[in-house]
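This report concerns only the one structure given below.
The values are calculated or read from the model by the stated rules, or taken from the named source; none is laboratory data. What you see is a predicted model, and the numbers here were worked out from it, not measured in a lab. As a convention, Cβ positions derive from the backbone with ideal geometry for all residues, glycine included, and neighbour counts pool all protein chains shown. Accessible surface areas use protein heavy atoms only, side chains included; no ligands, DNA or RNA. Shrake-Rupley method; radii C 1.70, N 1.55, O 1.52, S 1.80 Å.
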Amino acid sequence: MFPIVLVLTLLLGQAFARDWGLLQLPFGLKKSPEVEFISLIDQTVTRNSDSVHYSSLAKEDWPIDFDQYRGQYVLRVNVAAKEDLNTLYTAAHELNVSVWEFSVSKRFIDLQVSKESGVEFLQHVTGQWPDMDLQLDLVVRDLPQAVFETYSSPDEDDDFSVQQDLFFKRYRDLKTIYQWFDLLVATYPDLLEVEWIGQTYEGRDIKAVRLTAHKSEPSPEKPLKTLVITSGIHAREWISVSTSCYILYRLLQDYEKGKKKARLYLDSMDFLFLPVMNPDGYEHTWTTDRLWRKNKQQTYNPRCFGIDIDHSFNFHFTKSEDSPCSENYPGEGAFESLESSVWDNYLNETKHDHPIYGYIDLHSYAEEILYPYAYTCSEKPRDEENLIELAYGLSQSIRLTSGKSYAVLSACEDKGSDLLPAMGAGSALDYMYHNKAYWAFVLKLRDTGSHGFLLPPKFIVPVGKEIYSSIKYFSSFVTDK
Ligand SMILES: [Zn+2]
């Protein structure tokens, strides 16, 4: 008798859980992941936000169409084993589920799903791998609202030409960032130079900013050590763009204030910033789709455009099986993306007496510091011990500034390229490390939950500060060498 009761109760429990979103099954039995997912999205949660809801504004005032994200969530799947992450990544890929982030150090994968696609994904996973232990969280419950909250209201008083700090009150579009470069050059003509390095597919300028106070011309005998910082290679990672602008700004400010370290760095080094490495993609996130990642180049498929610039470099470029519709599409050959090829030409043709000692590529998110190589775990980076020590130094300086704990790991491990080789192919990190920079890292900025790519503007300055402290650490390391 008892087993029949158990079976009946279970079936009823499942039915209730599905229909009514009940949280608990009888006898303390664990819910199936898809039932848990449905109960997570069905929970009523009071909104904890000062911001108005996007739906209360007139549609003509929306910067982009927020309705395109309606009914979408960001689901976090936590697992215990690293191998399970790769399995989940492959499953998401097969089912065309968009992967936001994949963190080996924190053992989670974040997926952008609808109710239907989330259920389909979880049913597929539990059907194929019934023993996999999945812990679910809902990272973003109201995706259109989270997208909306990254754009600030246009009526805010933020004339940064009068009070420069105001630039960091909100995220800035491409035009404003380039205007800000001009303002900086006008304010600090002796310290700053803006260089045009090429054009994008849609005809936008790609601009680099060089910062130095060094007076005498460098020579092969007395070269000028350079630290390169790039950001915005992935269009939706806005916090990376604001952070490199913040570092640039703080170096200038601290130099002007006569701060000892900033004086030492700018007097003896050269900083080269490429704050918006993907201008077309970045512009697209401001006008059309906040979650766009690639550039905007035409591909062989007329329905799908865009190349993932960060897979497009020539060091171990791999032509993956991804179609042009994929978010990771690397192009048909190395340097097919105009941005990577323009950057390569620029570095090859200019400033040979400016050896690049350090390179940092800013991304979001997961709070991690990654060191080379990305394409494989079987090739060891040169000077590995010092490289890792330096990465821990960067992490420590962040922790001492904000208390945030950035994990240190190899890029290959982070990307899972030990198990899925194409994942880490053709990256900017490997290209720079192999060809140009002695020390090179990727920094994946905040956060580790709650917002992902949609980090609200109030975090611009805190993230800027913690990464500026790591850049100072890196610069001290470079000047000592
Ligand atoms: Zn990225």
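For the peptides 194-200, 58-64, the ranking by packing is 194-200, 58-64, with the highest mean count of neighbouring Cβ atoms within 10 Å listed first. For region 164-480, what does the alpha-carbon gyration tensor say about shape, rounded, prolate or oblate, given a ≥ b ≥ c as the root eigenvalues, a/c under 1.5 as rounded, and a/b over b/c as prolate? It is rounded, given that a/c, with a ≥ b ≥ c, falls under 1.5. Calculated from the alpha-carbon coordinates, region 32-148 shows an Rg and a Dmax of 15.5, 50 Å respectively. When DSSP beta bridges are restricted to pairs lying wholly in region 333-476, around 20% turn out antiparallel. Most tightly packed first, judged by the mean number of other beta-carbon atoms within 10 Å of their residues, the peptides 130-137, 369-376, 303-310, 88-95 read 369-376, 303-310, 88-95, 130-137. Restricting attention to the chain, close to 55% of DSSP beta bridges with both partner residues there are antiparallel. Computed over the Cα atoms of region 425-466, the ratio of the radius of gyration to the Kirkwood radius (Rg/Rh) comes to 1.13.
Given the pairs LYS175/LYS319; LYS175/LYS415; LYS30/LYS82, which span a C-alpha to C-alpha distance of over 28 angstrom in this model?
LYS175/LYS319; LYS175/LYS415
Each residue of region 321-337 was assigned a 3J(HN,Hα) from its phi angle through the Karplus expression (A = 6.51, B = -1.76, C = 1.60, θ = phi - 60°), giving 7, 5, 7, x, 7, 6, 6, 10, 4, x, x, 8, x, 4, 6, 5, 6 Hz with x at Gly and Pro.
Amide H contacts under 5 Å for SER410: TYR371, restricted to partners 5 or more places along the chain or on a different chain, H placed in the peptide plane at 1.01 Å from N.
So what is the calculated 222 nm ellipticity per residue for the chain, using -39500 (n - 2.57) for each DSSP H run with n of 4 or more, over all residues, to the nearest 500 deg cm²/dmol? It would help to have the intermediate numbers written out before the result.
Values: 14 runs with 178 residues, N = 481.
Here the helix-only value at 222 nm equals -11500 deg cm²/dmol.
For GLU101, nonlocal amide neighbours, meaning residues 5 or more places apart or on other chains whose placed amide H falls under 5 Å from its own, are ASP110. In the chain, the longest principal axis of the Cα atoms and the axis of helix 174-187 are about 30 degrees apart. Overall, the accessible surface of the chain at a probe of 1.4 angstrom is composed of carbon and sulfur to the extent of 51 percent. For the chain, the longest principal axis of the alpha carbon atoms and the long axis of helix 460-480 meet at an angle near 50°. Sorting 317-328, 353-364 by their mean Cβ neighbour count within 10 Å, with the most densely packed peptide first, gives 353-364, 317-328. Against the main long axis of the alpha-carbon atoms of the chain, helix 82-94 sits at an angle near 80°. Cross-link check: pairs LYS294/LYS436; LYS260/LYS465; LYS169/LYS260; LYS59/LYS169; LYS261/LYS380; LYS222/LYS436 evaluated at a Cα-Cα cut-off of 21 Å; pairs beyond the cut-off: LYS294/LYS436; LYS169/LYS260; LYS59/LYS169; LYS261/LYS380. Positive contributions from Lys and Arg (+1) and negative ones from Asp and Glu (-1), summed over other residues with Cβ under 11 Å from the Cβ of LYS30, come out at -1.
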